[in-house]
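The structure under discussion appears below in the form of structure tokens.
Read the figures in this text as sums done on the coordinates, not as results from a lab. Predicted, not measured: the structure shown is a model, and the values here were computed from it. In this analysis, Cβ positions are derived from the backbone assuming ideal geometry, glycine residues included, and neighbour counts consider all displayed protein chains.
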Amino acid sequence: LRKRQIGVWRYLEYLPVKDERKIVTLFEGGTPLYRCKNLEKELGVKELYVKNEGANPTGSFKDRGMTVGVTRANELGVEVVGCASTGNTSASLAAYSARSGKKCIVLLPEGKVALGKLAQAMFYGAKVIQINGNFDDALEMVKQLAREKLIYLLNSINPFRLEGQKTIGFEICDQLNWQVPDRVIVPVGNAGNISAIWKGFREFEATGIIDELPKMTGIQAEGAKPIVEAFKRKAKDITPYKNPETIATAIRIGNPVNAPKALEAIYSSGGYAEAVSDEEIVEAQKLLARKEGIFVEPASASSIAGLKKLLDEGIVDRDERIVCITTGHGLKDPDAAIRASEEPIKIECDIDVLKKILKED
Ligand code: F0G
């Protein structure tokens with residue numbers, strides 16, 4: 001039965017779980033890989049797919065990491081879990097800790113978390129704490145709690161999180177009938193996901209399931225791009241940003257903890273790192289919705305914006321088979337979507353006025 005199962009636990013043999021009875025799942029993973037013919041035409045590329053992680057139970061890829069991370073917490077008999085978050089990690093952890101009966105505490109940067117994510121964390125019953133600081137400050141605080149063994153930390157410095165997220169790489173191979181894409185483009189914040197996806201491809205290669213590897217390509221926002229800067233200096237270390245800023249609040253991170261792993265993935269795969277502006281992000285977000293019917297949050301659209309920029313720069317070849325990861329659902333950040341849209345038309349209940357509007361383009 002497991003062989004036919006869809007999602008993260010399809011790959012049980014590759015996951016570090018000792019006791020299957022302790023698995024905490026909301027049936028995460030198994031997300032769609034869309035061939036995007038309209039975008040192919042728009043961008044002038046041969047073969048483009050979008051792996052839509054917004055289709056996970058709480059609306060982001062974090063669920064893949066949490067099902068494994070919280071299962072681990074269960075095996076350890078942990079009672080209190082916690083994280084710092086720009087929003088999605090907190091929503092996901094709140095859900096998985098509720099399902100496994102654990103106490104959950106989340107630290108968020110006040111005023112910088114998209115509405116949908118905040119609603120989720122609150123509604124699943126986590127203790128939600130907003131700090132007068134950014135994500136990097138929040139992470140320092142929860143790390144201190146973890147060092148004092150007051151919480152079990154479920155940020156992506158926890159390796160079990162990355163173990164779950166590596167299944168994105170597995171699924172892409174699976175869904176492409178074991179053909180490996182030439183390039184995988186990933187939005188980068190704390191840099192766990194790009195590292196995890198690379199680990200997935202590497203493990204499939206090491207066990208003989210695939211014999212090629214994709215070029216791992218990371219995209220950051222202009223106002224929070226320490227990894228892109230390190231890449232362009234050909235360096236292994238980043239210089240952290242003190243005050244990261246971007247409309248893509250999910251990746252508003254100045255000191256990514258997984259930067260060394262991410263840079264290793266980019267360098268050793270022959271990949272690339274590039275930054276995109278907030279305007280380019282919003283434009284790509286709209287393009288994806290209006291050309292393909294895929295609604296993603298701003299951070300997610302950075303992979304599409306990055307592809308566009310790298311095509312223009314001649315870094316990405318138009319003949320490549322490309323997979324862009326979209327990391328979170330569009331409804332996570334309704335404010336951003338409304339700000340980027342035209343106002344609805346308001347009329348009286350008058351059928352003739354309505355008919356006139358219908359004729360306009
Ligand atoms: N996209 C979305 C929608 C995210 O929520 C995040 C990270 C990323 C991309 C970047 O992934 O950190 O593995 O490089 N969100 C974290 C959070 C930081 O707290 O929800 P990464």
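Worth a mention:
- When each of C349, C324 is scored by the number of other beta-carbon atoms lying within 10 Å, the sequence from fewest to most is C349, C324.
- Oblate is the label for region 62-158, because the ratio a/c of its alpha-carbon gyration tensor axes (a ≥ b ≥ c) is 1.5 or higher and a/b is not greater than b/c.
- Cα-based shape type of region 1-111, given that a ≥ b ≥ c are square roots of the gyration tensor eigenvalues and the cut on a/c is 1.5: oblate
- Debye equation applied to the C-alpha atoms of region 131-190, log10 I(q)/I(0) at 0.16, 0.31 Å⁻¹: -0.69, -1.25
- Percent antiparallel among DSSP beta bridges (both partners in region 62-158, rounded to 5): 0 percent
- Rounded to the nearest whole angstrom, the semi-axes of the ellipsoid equivalent to region 280-333, taken from the Cα gyration tensor as √(5λ), stand at 21, 10, 10, largest first.
- The trypsin sites (Lys or Arg not before Pro) of region 224-275 meeting both criteria, a DSSP state outside H, G, I, E and B (loop) and at most 13 other C-beta atoms within 10 angstrom of the site's C-beta, are R233, K234, K236, K242.
- Estimated FRET transfer efficiency when R0 is 30 angstrom, pair I357-A119 (beta carbons, to 0.05): 0.35
- Taking label positions 7 Å along the Cα-Cβ direction at both R290 and E140, the computed distance is 4.3 nm, reported to one decimal.
- Relative contact order of the chain, pairs being alpha-carbon contacts under 8 Å that are 6 or more residues apart, as %: 18 percent
- Shape category assigned to region 207-291 from the gyration tensor of Cα positions, a/c cut at 1.5: oblate
- 3J(HN,Hα) from dihedral phi, region 334-339, Karplus parametrisation 6.51/-1.76/1.60, rounded to Hz, x for glycine, proline: x, 4, 4, 5, 5, 4
- Trypsin sites (Lys or Arg not before Pro) lying in DSSP loop within region 118-164, provided at most 13 other Cβ fall within 10 Å: K149
- Modelled FRET efficiency - R0 35 Å, E222 with Q175, Cβ distances, 0.05 increments: 0.65
- Computing FRET efficiency as 1/(1 + (r/R0)^6) for R147 and S268, where r is the C-beta to C-beta distance and R0 is 22 Å, gives about 0.10.
- Here each label is just a point 7 Å from Cα along the line to Cβ, and for K18 and R233 those points are 4.2 nm apart.
- Distant alpha-carbon pairs in the chain (separation over 41 angstrom), percent: 10 percent
- Filtered trypsin sites (Lys or Arg not before Pro), region 1-64: DSSP coil and at most 16 other beta carbons within 10 Å: K18, K46
- Distance between region 287-356 and region 178-255 - C-alpha centres, whole angstrom: 22 Å
- With the highest mean first, a sort of the peptides 85-94, 220-229, 66-75 on other beta-carbon atoms found within 10 angstrom per residue produces 85-94, 66-75, 220-229.
- Per residue, the average separation of C-alpha pairs within less than 8 Å and at least 6 apart gives region 62-158 a relative contact order of 33 percent.
- Pairs from K234/K308; K232/K286; K18/K127; K51/K286; K102/K127; K225/K291 whose Cα-Cα separation, in the structure shown, is over 19 Å: K234/K308; K232/K286; K18/K127; K225/K291
- Under the membrane-span-like helix rule (DSSP H runs whose alpha carbons stretch at least 20 Å along the helix axis, mean Kyte-Doolittle hydropathy -1.0 or higher), the chain yields 62-76, 192-206, 278-292, 298-312.
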